[in-house]
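Asks: I'd like to ask you about the structure that follows.
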Amino acid sequence: MPCERKPMRYGHSEGHTDVTFDDAGKFIVTCGSDGDVRIWESLDDDDPRSINVGEKAYSLALKKRKLVTAGSNNTVQIHTFPEGDPDGILTRFTTHATHVAFNHSGSRVAAGSSDFMVKVVEVADSSQQKTLRGHDAPVLSVTFDPKDEFLASASCDGSVVIWKIDEQTKVTSWPVLQKSNDVSTAKSLCRLGWQPKTAKLLAVPVGLKVHLYERDSWEHVSTLSDDMMTQPINVVAWSPCGQLLAAGSVGGFLTVWNAESKLCVERQKHEKGYTVCGLAWHPSGRQLAYTDTQGSLGLLDDLPTASSATKTPKVAANDYDDLFDEDDDRAMDEGLSDTHSPAKRPVAGGDDDDDDDLMPATGRVKNRSSFLDDENSLDTVSLALGQGKYGDDDDAGSTVAPPTGPSLPLRPAYEGPLPTLPQKPFQPGSTPAHLTHRFMTWNSVGVVRGYNDDQDNAVDVEFHDTAVHHAMHLTNALGHTLADLSQEAVLLACPATDELASKLQCLHFSSWDANKEWIVDLPAGEDVRALVLGQGWAAAATSARTLRLFTVGGVQKEIFSLPGHVVSMAAHGEQLLVVYHRGTGFDGDQALGVQLLQLGRRKRQVIHGEPLPLSCKAHLAWLGFTAEGTPCYVDSEGVVRMLNRSLGNTWTPVCNTRETCKGKSDHFWVVAVHENPQQLRCIPCKGSRYPPTLPRPAVAILPFKLPLCQTTTEKGQMEEQYWRSTLLQNHYSFLSSSGYEIDDEGQNQNQKEQQELLMKMFALSCKLEREFRCMELAELMTQSVVTLAVRYASRSRRMNLAQRLNELAMEKANQLQEEQEQEEEEVQEEEHHTPRSRRPAPLGGPSGKQSKGPVLKPLAPKPKTKVSLIQRPWTGFQLWLEENRKSILADSPDLQETDVIKAAMGSFRSLSAEDRLSWTERAKGQSGEAADLKKRKRVEEAGEGDESRVKADENIAKKKKSLDTTAKLSAFAFNKN
Amino acid sequence: MDPTEVEFLAEKEIVKIIPNFSLDKIYLIGGDLGPFNPGLPVQVPVWLALNLKQRQKCRILPPQWMDVDKLEEVREMERKEDSFTPPPSPYYMELTKLLLNHASDNIPKADEIRTLVKDIWDTRIAKLRLSADSFISQQEAHAKLDNLTLMEINTTRSFLLGSLNCMFKLRSNMQPGTSTGKGPDY
C-alpha cells in the first residue's frame, strides 16, 4: 500500500482540533483549542494564516467561501474564506456548540450543542432556524444527508438519531453508543459520516467498529472492522468518491476501508500514537489530513484511489465538477496576483492558454517557462509539494502541476519522476520577503532589517561591533528587497517596477571621501537576484543569468554569464561562491551547481560548476564562508557541509543541526561558521525555520560533529575528533598558500592534538589486539610519533608490530630526507642557474611554491625545515656529489654545471636507501657544531630504533624461553587434573 | 545588613550579555571573563553587565526566569501555598530592580515583569509578617522558615529582633518574679 505518511507538525496548542480542506483542495484548514483557525497552503507551509475566532474553537466547516466555526462563546460564527473577515453570528446556544456541519450544497448548517439541542440554520438567512429536540445529553456530532432530507446526530446519551429535517421529528434512533455525561468524558467523539453522492449508507463509529446503516430502511447492513484497531474509533470520513471510508481512533490508528468490499485498503499509525480527532479528505481523494488532541497536523499522501481502473461515471462527473471549481479559483487567484504585479499580466494570460492546449507530457518545457518568471511563484521557498501536486498553484508555477488527482480522466497519465519547482534565489541569512518585518541579512558583520508596514518602509543597519560603524536607519524609498553587509559597505538592491529599472545601491561608509553612496541602474528587463560584498568589490547576479562585478567604489568590472539562474552567492576576501540551478530537479530534489572563483590579482576558477550535494528532497538554506574562508552551506534538512580542500574539493557534512533540535518543527537558523574555535553560530527558532525580528533573537553555538559511524564508542569518538581536527585545519594551508598570515601556534597545537589522538587510537587498537589496524594508524602519524609507537609496541611485547613499525619509521625518515633533498636541490638550482638558463616564469612559480612545500604539508615538522633553509648544513648529497663529480664529468665532459647536478641527482637517487642514509650521516658528522639539534635527535631516534630492534630480538628470544617454561607448566597442570 | 549590601551581593550573579565590541579574555580575581565577540552572547556578572550597558557597549539578555509566563506561574504557586515556595532566583528582587532600572529596553514586557515581581514580593512579605505574628502570639521559642531570600530576611530582621527584645523587656517588667525563667529564649 504505497501511501506516504508525512511527518506531523505543530498546528495548535494542546487540545481538541478539527481539520478540513477547502472546496478546491488548495488549503488545509484547521482549528484548535487556542481559538485560532489556521489556513495552510500545504503541510510544509511555515507561515500559515491565522484567524482568531474566539477563546477556543471546537469544530469548523467550510464550504463556498464561508467558514463556520463552533467556539467557546456559545455561538456559531461565520467568517469569509480565505480573507477571514467576520461575517456575523449564525446561531447561539446556551452552552458551547460541539460540532458544525454543512449540507452538500452549502446552503444550510447543522450545529449540535452541549445543551442537548441540534439546530439547522439557513446560511443565507440565519433567522430561519429549525431546532431538533430529543437528545438527553450533549450532542457529539451531526451530519447531513447529502440529499438534504435527513440529519443524523450522535449524543452522549448513547443514541444515534435520524431526524427528518423539515418536520423536525425523529425518524429512528439506535442506542448503540456508550453513555457519558459530557463530550469531554465521552469515550469517542463519534463523528458520523453519510456516504456522499448516493447517500445510501450512514457510517457510525461504534467502539472498535464502524456500523453501516442503510438509508430509508434504517437497518444495520454491515460492519467494518480491523484487527489492528485496539481503541475506540473517534472519527470517520467518506472519501469524496463515496467508496472509501477512513477512520481515526483514540490510539492513533488510521484505517481506510473500501465500503463495498469491506476490505481494509490502507492502514497507518499516528507517529506518536495520539488520539486522532479530526479527519478530512482532499477533494481529489488522494490525500487525507488528520489532527490529534495534541494540536498537531498530519497528512497521508498518495492514497490509493477507489479502484481507479473501474471508476464509475458518477465519479468522473464529480471530477469534472471539481475541475471547474478549481478553474474558477484560479481565475480569482490570478486576479489577485495580478494586482500585486501588474507587469506579469500578459505572462499569466499566456500561461493560461498553455494550460488549455498543452499536454502534460511537455511539462518540462512549461516548467522552464515557469522558472523564468518565478518571482510570481510561491511566496516562500517551501516547496508546496504535497499540496501543489493536486491543488493548482496560484500562477505560472501551476503549470508544473502533475497530471494526477481530479484531472486524471482528461489527460494521459505520466508516471515518471515529477519535476521539482526550482527554489527561488535568496540572500544568505535573510527571512522571506513577504514578511513586513524581516531580516534582509544577518551575517558576521551585522544585521540589516527591513520594515515594510503601513507607517514605514525603512531599512535598519546595525553592526555587531559598533567600532565598525554606528547603526543606520535608511528610508527605503526604492523598495529594496536584497541586502548585504560587509566591514566596508552596505549593498542594497530592488527589483524593477513598471517605470523604474532594477537598481543597485551601495553605501560605502568606509570611503574616505565625502561621497559615500552610489547607485547603478541595471539594463531594462534585468533584475538583481542575488548580491554579495567581498573585500573591495561587490557582485550582483541578475535575472539575465549574468554576474556583474563592481569595485566597492562603483567602478564596473568584469561581467560574465552563469550557466543557470542564480540561487545564492557568498563572498570572503577575494573568493566568490555562486550557486545556481544546473537543471531541473526531480522528485523533490534540486539540481544545483556551484562555482568558486578566486578574484583579486590571481584570478581563477577553483570549482568549475560541479553539482552541489544536498540532502534528499532538500533545498539550499544558507550559503557562506567560515570566518577562515572555507566555503560552507546548509540545506533545509539542517545539514551543514564544508569544502574539503585536501580531498579534491569535496563537501564534507560537519554538523546536522536538526539532531540538536528539541521539537520536530524547531530549526536552527545558521548565521556564521567558525573553524577556530569550532563554532556554528545559529539562532534557535521554535516551531519555525527562521526567527522573528522581535524580540531580538540571541545567537547560540553548536559544536561540529562529523557523522561517522558508532560515535558512542571510544573508537568512533576519537576517529571523529581526529578527522574533524584534520578537516578544520585545512584552512591553514589554504590561508598560507593565498598569502595570509597564519597562526602558527594554533596550527602546531592542532597537529599536536591530532598526533595525540592517533597515539590514543593506536593504544586502543593495541589493547584490542588489532595490530593491522595499529599499522594503518601509524601510517597517519608523523615520524617522531611513530618512534613513540614503536616504543609502546615493544613495551607491550608486540614484537611483530614493533618491527613493522620500525620499518615504517625508517621509511618515513627517508621520505623526510628526500623532501629535504629535493628542496635543497631546488635551492641549489636557483643558486647555480644564471638568469639565461632559468626556466620560464610560469614553471618557476610552482617551484617557488614548492620550496614552501613543507609548510603546506602538515605532517612534516616545520621548525626542522625552517632551520635547514636558514643554516643549510652540508648534506649527504652534496658530499656524495663532491666525491663523484669527477667520475660524472669523465662520463660526459661537456656538461654544464646545472646538468652535472641533475645527472648527479639521478644517480644519487638510484643508490639504495641505506647508502643514502650513510651519506647523510657522514654529512652530519662533517657539519659538526652547526648541525641542527633536531636532526641529531632524529639520528638518535633512528639509533634508538636500532636498539629497540636489537632489544626486540632479545625479547623474542626471551619470549621463546618463557613460552617453553609455561608450556611445560601448563602440561604439568593438565596432567595433574 | 543594609539593603544596599544585599544588592551588592546580588551583583555577583551571572547574566548573559551580547557585547557590541571585541575584547580578549580579561583576567580578574573573581575569575576570567570573556572573550567578548560582537554579537555573541557571553556570561558576565551583573555589575559588569550594568556597567557595559550604561556605556552602551552591550545588550543584556534577561535571565530565564524573568519571563511573564514563568513569573505568573510562580505567583500562582506562591498564592496557593501557605509556606514559602522556592523563589525564581535567590536575588530575584534585587536583580529585577537592577535590570529593569538600567536595561528595561532589553527586557520584553518590562512593566508586566515589574508588577509580577512586586506581587510575588508582596505575597511573600505578607506571609512573613503572618508567620512572625503567629510566632509572637503563640510565644514560640523557635520557628523554621525555608526558601527565604537574603533580602526578605533583612527587611524584617532588625524590626523583629528589636520588637522581640522590647517585648521581652516589657514582659519581664510585668512579671518581675518569674521573668528570667519563663521568658522566651531568644
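Derivation of every value follows stated rules applied to the coordinates shown; laboratory data play no part. Note that this is a predicted model, so its numbers are computed, not measured. With ideal geometry, Cβ positions are generated from the backbone for all residues, glycine too; neighbour counts draw on all protein chains shown.
Asks: Across peptide A:444-455, what mean number of C-beta atoms from other chains lies inside 10 Å of a residue's C-beta?
Replies: Taking the mean over all residues of the peptide, I get 1.
Asks: Let me ask something else. The range A:514-633: percent of C-alpha pairs farther apart than 24 Å?
Replies: When all Cα pairs of the range A:514-633 are counted, 27 percent exceed 24 Å.
Asks: Quote the charge dipole size of the range A:603-707 about the Cα centre in Debye, to the nearest 20; the model charges only the Cβ of Lys and Arg (+1) and of Asp and Glu (-1).
Replies: Around 180 debye, computed over the range A:603-707.
Asks: Using a 10 Å cut-off on Cβ atoms, rank the peptides A:585-594, B:158-167 from the highest mean neighbour count down.
Replies: A:585-594, B:158-167
Asks: Of the cross-linked pairs A:LYS424/A:LYS662; A:LYS686/A:LYS752; A:LYS503/A:LYS603; A:LYS269/B:LYS80; A:LYS503/B:LYS53, which ones have a Cα-Cα span greater than 31 Å in the structure shown?
Replies: A:LYS686/A:LYS752; A:LYS269/B:LYS80; A:LYS503/B:LYS53
Asks: Restrict the search to the range B:37-104; then list the trypsin sites (Lys or Arg not before Pro) that DSSP places in a loop and that have at most 10 other Cβ atoms within 10 Å of their Cβ.
Replies: Passing sites in the range B:37-104 are B:ARG55.
Asks: How many nm is it between the label spots at A:LYS617 and B:ASP146, if each spot is 7 Å from the Cα in line with the beta carbon?
Replies: Calculated label separation equals 5.1 nm.
Asks: Any idea how far apart B:GLU81 and B:LYS12 come out in nm if each label point goes 7 Å out from Cα toward Cβ?
Replies: Going from the B:GLU81 label point to the B:LYS12 one covers 2.5 nm.
Asks: Can I ask one more? How about the range A:57-156: which trypsin sites (Lys or Arg not before Pro) there are in a DSSP loop, with at most 14 other Cβ atoms within 10 Å of their Cβ?
Replies: A:LYS64, A:ARG133, A:LYS147
Asks: Give the Cα extents of the range B:3-173 along the principal axes, in whole Å, largest first.
Replies: Projected onto the principal axes, the Cα atoms of the range B:3-173 cover 68, 36, 21 Å.
Asks: Mean separation of Cα pairs under 8 Å and 6+ residues apart, divided by the residue count of the range B:3-173: what relative contact order is that in percent?
Replies: Computed over the range B:3-173, the figure is 21 percent.
Asks: Let me ask you something else. Of the listed pairs A:LYS760/B:LYS12; A:LYS26/A:LYS197; A:LYS617/A:LYS760, which have alpha-carbon separations greater than 30 Å here?
Replies: A:LYS760/B:LYS12; A:LYS617/A:LYS760
Asks: On to the next question. With unit charges on the beta carbon (Lys/Arg positive, Asp/Glu negative), name the residue among B:ALA103, B:ASN51, B:ALA132 whose Cα is farthest towards the positive pole of the charge dipole of the range B:3-173.
Replies: Farthest along the dipole direction, towards plus: B:ASN51.
Asks: Output ³J(HN,Hα) for the range A:681-693: one whole-Hz value per residue in order, computed from phi by the Karplus curve 6.51 cos²θ - 1.76 cosθ + 1.60 with θ = phi - 60°, and x for Gly and Pro.
Replies: My calculation for the range A:681-693 gives 8, 8, 10, x, 10, 8, x, 7, 8, 9, x, x, 6 Hz in order.
Asks: Take A:MET228 and A:ASP453, extend 7 Å from each Cα along the Cα→Cβ direction, and tell me the distance between the two endpoints in nm.
Replies: 4.8
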